[in-house]
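Bear in mind these aren't lab numbers, they're just calculated from the coordinates by the rules spelled out. All figures in this text were calculated on a predicted structure; none of them were measured in a lab. Using ideal geometry, Cβ is built from the backbone for each residue, glycine included, and neighbour counts are taken over all protein chains shown.
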Ligand code: 5GP
């Protein structure tokens with residue numbers, strides 16, 4: 001069996017996390033090394049390694065992650081805006097090979113991201 005990713009271990013409750021939301025499709029928890037006052041990771045239960053491995057059948061799931069992000073942004077009071085990010089691969093500086101949507105907000109973010 002393939003080695004479980006860190007985020008799979010969080011989903012399985014084998015690694016603790018500060019979980020803020022979950023449903024049958026995804027789980028959301030605070031990033032351990034927050035880059036903004038709000039930094040939440042929204043992770044599908046389906047172990048898709050990265051954006052590169054998303055298929056057409058995942059389209060409703062990916063849309064769902066954004067709907068969850070919007071609701072969490074509202075709960076977090078991010079009325080001035082926020083950023084949603086999927087890092088992908090080496091150049092995208094993805095470090096955990098289980099798809100996750102970053103929700104960042106609570107301060108003025110800059111662009112380009114560096
Ligand atoms: P990536 O770099 O793959 O886009 O994002 C992975 C994120 O996972 C990083 O922002 C990192 O801080 C976060 N992270 C790494 N290890 C842990 C952990 O054990 N718990 C939590 N909650 N977040 C983690």
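Results, tabulated for the structure shown:
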read-out: Nearest 10 degrees, 0 to 90: helix 59-75 Cα axis against the chain principal axis; value: 40
read-out: Theoretical ellipticity at 222 nm over the chain - DSSP helices of four or more residues, -39500 (n - 2.57) apiece, nearest 500; value: -6000 deg cm²/dmol
read-out: Global size of the chain as Cα Rg and Dmax, reported in angstrom; value: 13.7, 45
read-out: Contact order normalised by residue count of the chain, Cα under 8 Å, 6+ apart, percent; value: 30
read-out: Alpha-carbon centroid distance for the pair segment 36-55 / segment 80-114, whole angstrom; value: 10
read-out: Length gained when the stretch residue 71-residue 96 is fully extended (0.36 nm per residue, less Cα-Cα span); value: 6.6 nm
read-out: Spin-label model distance (nm) - residue 51 vs residue 85, 7 Å beyond Cα toward Cβ; value: 1.2
read-out: Difference of contour (0.36 nm per residue) and Cα-Cα distance, residue 3 to residue 33; value: 8.5 nm
